[in-house]
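Encoded as structure tokens, the structure appears first; notes follow it.
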Amino acid sequence: MDKTRFGILGFAHMHAHGYARALKKSPDADLVGIFDDDRARGRGAATEYGVGYFDDPEKLLRDDIDAVIVCSPNSKHADLAIRAAESGKHVLCEKPIATTLEDANDMVRAARSSGVILEIAFVMRYSAPVLRVKDLLDQGVVGEILAMRGANRGKMPEGWFLDIEKAGGGAVMDHTVHLVDLMRWFTTSEVIEVYADMDTLLHDIAVEDCGLLALQFQSGAIASLDPSWSRPAKYPQWGDVTMEILGGDGSLYLDAFNQNVYLCSDKGVCWSNWGEDTDSEMVGDFIHCVTHNAEPRSTGEDGLRSLEIALAAYRSAKEKRVIKLPLEG
């Protein structure tokens, strides 16, 4: 079987390295080239992974590739993903799908019109603990889901993540989408109301670093989530994904990253992770979807719904009221 040939459009996101490593070690994929509008960053990545550097995305899209991974700043996702879709390339796009609903809808339409796959990188859907919880919930072990409390508390990132024009927001935009995607997946229900508050409390930056969201689902379930950048810089991992799920017949607790070893001695603290490589799991499944024309685990529509919830949180915090979904205007 021929290998699936990949390009990476943008190397601005920290996860781009994980995806590149996953492609390089996959027996079913070839990483052909990398585009980045930051030439130094793009050339550096191309050299590191032993592939060609392209200074124009169209040049890479004209090459003999089957699919792309978009890892640009959030505000550029739509342009690159739509170009790729219109060139007949399948797209795996870093989250959030975009910074506006208009862009997200345009991406979904472009993929559908061109008959290509658009997957959003909700990598937590490939985490072994998350998959076990999903299986238990689908079995009805805890009965009907009544309430959830989730947290994705990370370190403050750097660079364009702190630029509202490029990122679309701060911690709420960055971390809300992972949690609400899992909550939608677990409940198989859509959010109908959002109330949120947020502020900049921990760092001297121009975007929010703390937030708290309260959600009402169509099923009747309620949820809260904390997407804050509240981990100190020397925290041994980038963040966490935890969730408590209360059902009519029981409860579950998820700690998706609690697969690690701490060694504490007079020389300091050594932390290492022994869990699965979710980047490789997701990239491998995307390759399978491309070669077998299968639907990915997280679609463009999933990305759009999660973005809508994050945008509703910003509107709620600004207007100090509950925001009903779907959004208007």
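The values are calculated or read from the model by the stated rules, or taken from the named source; none is laboratory data. The structure displayed is predicted, hence computed values, not measured ones. A quick note on method: Cβ atoms are made from the backbone with ideal geometry, for glycine too, and the neighbour counts reach across all protein chains shown.
Laid out as a table, the results:
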item: Residue list for segment 83-105, filter: surrounded by fewer than 22 Cβ atoms within 10 Å (Cβ to Cβ) and within 23 Å of R5 (Cα to Cα); result: R83, E86, S87, G88
item: Failed item, numbered, when G248 is tested on (1) surrounded by 17 or more Cβ atoms within 10 Å (Cβ to Cβ); (2) at pLDDT 95 or above; (3) within 16 Å of F186 (Cα to Cα); result: (1)
item: Subset of segment 222-232 that is in contact with a strand residue (DSSP E or B) (Cβ under 6 Å, 6 or more places away or on another chain) and within 22 Å of L162 (Cβ to Cβ) - its residue that is surrounded by the most Cβ atoms within 10 Å (Cβ to Cβ); result: P227
item: Looking only at segment 111-132, and only at residues there that are within 14 Å of the chain's Cα centre (by Cα) and in a loop (DSSP other than H, G, I, E, B), the one that is farthest from E308 (Cα to Cα); result: S127
item: Candidates S26, S72, S113 - the one that is polar (S, T, N, Q) and more than 22 Å from G284 (Cα to Cα); result: S113
item: A171 vs. criteria within 24 Å of S127 (Cα to Cα), at pLDDT 95 or above and buried (at least 24 other Cβ atoms within 10 Å of the Cβ); result: yes
item: Of all residues making up segment 264-300, the number that are under 20 Å from D135 (Cβ atoms), modelled with pLDDT of 95 or more, touching a helix residue (DSSP H, G or I) at 6+ places or on another chain (Cβ under 9 Å) and assigned to a helix (DSSP H, G or I); result: 4
item: Qualifying residue in segment 49-60 (condition: surrounded by fewer than 24 Cβ atoms within 10 Å (Cβ to Cβ) and closer than 17 Å to M282 by Cβ); result: no
item: Which numbered condition V108 misses (of (1) part of a loop (DSSP other than H, G, I, E, B); (2) β-branched (V, I, T); (3) surrounded by fewer than 24 Cβ atoms within 10 Å (Cβ to Cβ)); result: (1)
item: D66 vs. criteria of a type outside the set (A, V, I, L, M, F, W, C) and surrounded by fewer than 20 Cβ atoms within 10 Å (Cβ to Cβ); result: no
item: Test: T200 is at pLDDT 95 or above and either surrounded by 17 or more Cβ atoms within 10 Å (Cβ to Cβ) or closer than 30 Å to I65 by Cβ (or both); result: no
item: Members of segment 120-178 found to be small (G, A, S) and in contact with a strand residue (DSSP E or B) (Cβ under 7 Å, 6 or more places away or on another chain), listed by number; result: A121, G143, A147, G150, A151, G154, A171
item: Residue within segment 205-214 that is modelled with pLDDT of 95 or more, assigned by TED's automatic domain parsing to the domain that holds N258, surrounded by fewer than 17 Cβ atoms within 10 Å (Cβ to Cβ) and not β-branched (V, I, T) present; result: yes
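So that you can scan it fast, the table gives a plain yes or no per residue for (1) under 20 Å from T99 (Cβ atoms); (2) in contact (Cβ under 8 Å) with a residue 24 or more places away in the chain; (3) in contact with a His (Cβ under 8 Å, 6 or more places away or on another chain):
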| site | (1), (2), (3) |
| --- | --- |
| H175 | yes, yes, no |
| E190 | no, yes, no |
| L201 | no, no, no |
| L213 | yes, yes, no |
| I245 | no, yes, no |
| D255 | no, yes, no |
